[in-house]
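In what follows, a single structure is set out as structure tokens and then discussed.
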Amino acid sequence: MIVLGIESTCDETAAAVVRDGRDVLSHAIASSAEIHERYGGVFPELACRRHIDAIMPVIEEALETAQIGPEEIDLIAVAKGPGLVGALLIGMQAAKGLSIAWKKPLIGVNHVEAHLYAAMMGAPDPWPFPALGLVLSGGHTLLLKIEDVGNYQLIGTTVDDAVGEAFDKVATLLGLPYPGGPHVEELARGGNPKRFPFRAGRVKRSPFDFSFSGIKTSVLYAVREPSFSEQDRPDAAASFQEAALQDIVKKTELALRDGPVQAIYLGGGVCNNQRLRALFAERFSLPIFWPPTDMSADNAVMIAGLGFQKFLQCGKGDPLDLEVATRIPVA
Ligand code: KG4
Ligand code: ZN
């Protein structure tokens, strides 16, 4: 089954062609990140305008690279949410328009669930389940138990900032460009992670929930100290990164004590952090599945792949009055 995936939840306009939920035939992305750089975060209205310009060229590029004509497409999968409403609508309208024009079924998928599916695409068939899942991105921080594709139990989530958002805000405090995660990681490489006593927050009576807004404020106070100098920046970056990532490792360890699982699947842009990958490899002996580097952040391959699985499970697509949703739970 050949699936065209469409993604437009935030600042990436993406399209991909995937066969049978696993074989990537093409993977096209146009990002508007450079427009948002000067605002230090995604400017929704500008992201939407860029989606309008980019959506059809990106879809055409995906078809061309895959050397697939519309008649060979079996299904159109689209990210129905969560995300920015205006951004979601553009991907959804394009998907519906093509579904009508090409007479192909349409299926809407959850973008956050798709981040986990990006890791599943590289895991053996049948998938090792039950498993733990972590979505670590700019908009989401989730720790889940995965029973099967589509069957998840939420273990913990953030009560304030997402982990990627905390990286981005700390980057701004340290004078680094947006999106800041990779720049913080780079700066942290030359720093002493023990220099500043930063700590991720604890959420009362919710040992699995995350809180990253306090640690960002601690960085702010450290940076504002008159004695804080240029030489202190790598140490601040390293101390922040280590505290945030160790908190994720600690909660994953705690969740593993709750019962045996076969594997850990991770997704989201923060998965590109090499220190995170090293910590997981050091601390856990069970199989760990990461998305390929170009599929950690937002992309349409994961949408096409998960769309295929959903279509198999339901045996049919969604009706054409399918709506976008700015917030939808995974579990
Ligand atoms: O998955 P994604 O595109 O966002 C959402 O769907 O929300 O991930 C983007 C996020 C940004 O916050 C970015 O700073 C962060 O992932 N990120 C990183 C790294 N690369 C990207 N954070 C830490 N270290 C990295 N190497
Ligand atoms: Zn995402």
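Quick check, is Leu132 in contact (Cβ under 8 Å) with a residue 12 or more places away in the chain, farther than 25 Å from Val324 by Cβ and out of contact with any Lys or Arg (no Cβ under 6 Å at 6 or more places or on another chain)? It is true that Leu132 is in contact (Cβ under 8 Å) with a residue 12 or more places away in the chain, farther than 25 Å from Val324 by Cβ and out of contact with any Lys or Arg (no Cβ under 6 Å at 6 or more places or on another chain).
Exactly one residue among Thr157, Thr172 is away from ligand 2 (no atom under 16 Å from the Cβ) and among the polar types (S, T, N, Q), and that residue is Thr172.
For region 178-188, the condition of being more than 16 Å from Pro329 (Cβ to Cβ), of a type in the set (Asp, Glu), more than 15 Å from ligand 2 (Cβ to nearest atom) and assigned to a loop (DSSP other than H, G, I, E, B) holds for none of the residues.
Within region 212-226, being more than 27 Å from the chain's Cα centre (by Cα) and more than 14 Å from Arg195 (Cα to Cα) holds for Tyr221, Arg224, Glu225, Pro226. Within region 120-158, the residues that satisfy the criterion of being among the hydrophobic types (A, V, I, L, M, F, W, C) and either within 12 Å of ligand 1 (Cβ to nearest atom) or in a strand (DSSP E or B) (or both) are Ala131, Leu132, Leu134, Val135, Leu136, Leu142, Leu143, Leu144, Ile146, Leu154, Ile155. Of everything listed in (1) buried (at least 17 other Cβ atoms within 10 Å of the Cβ); (2) within 16 Å of ligand 1 (Cβ to nearest atom), the single unmet condition for Val85 is (1). If you go through region 98-127 and keep only what is among the charged types (D, E, K, R) and buried (at least 24 other Cβ atoms within 10 Å of the Cβ), you end up with just Glu113.
Tallying residues that are more than 13 Å from ligand 1 (Cβ to nearest atom) and among the small types (Gly, Ala, Ser) within region 272-331 yields 9. Taking every residue in region 279-290 that is at pLDDT 95 or above and pairing it with any residue that is among the hydroxyl-bearing types (Ser, Thr, Tyr), at least 6 positions away or on another chain, the pairs with Cβ-Cβ distances below 9 Å are Phe280/Thr252; Arg283/Thr252; Phe284/Thr252; Ile288/Tyr265; Phe289/Tyr265; Trp290/Tyr265; Trp290/Ser296.
With respect to (1) buried (at least 21 other Cβ atoms within 10 Å of the Cβ); (2) under 20 Å from Asp20 (Cα atoms), the lone exception for Phe167 is condition (2). The residues listed here are Ala30, Ala47, Ala95, Ala77; of these, the one that is crowded, with 24+ Cβ neighbours inside 10 Å and within 16 Å of ligand 1 (Cβ to nearest atom) is Ala47. Selection of region 202-221 for residues being touching a Leu at 6+ places or on another chain (Cβ under 9 Å) and within 18 Å of Leu173 (Cβ to Cβ) yields Lys216, Val219, Leu220.
The requirement of being more than 13 Å from ligand 2 (Cβ to nearest atom), aromatic (Phe, Trp, Tyr) and over 16 Å from Glu113 (Cα atoms) is not satisfied by Tyr152. For the subset of region 249-271 comprising residues that are crowded, with 21+ Cβ neighbours inside 10 Å and within 16 Å of ligand 1 (Cβ to nearest atom), which member is farthest from the chain's Cα centre (by Cα)? Within region 249-271, the match that is farthest from the chain's Cα centre (by Cα) is Tyr265.
The values are calculated or read from the model by the stated rules, or taken from the named source; none is laboratory data. Computed from a predicted model, the values in this text were never measured in an experiment. With ideal geometry, Cβ positions are generated from the backbone for all residues, glycine too; neighbour counts draw on all protein chains shown.
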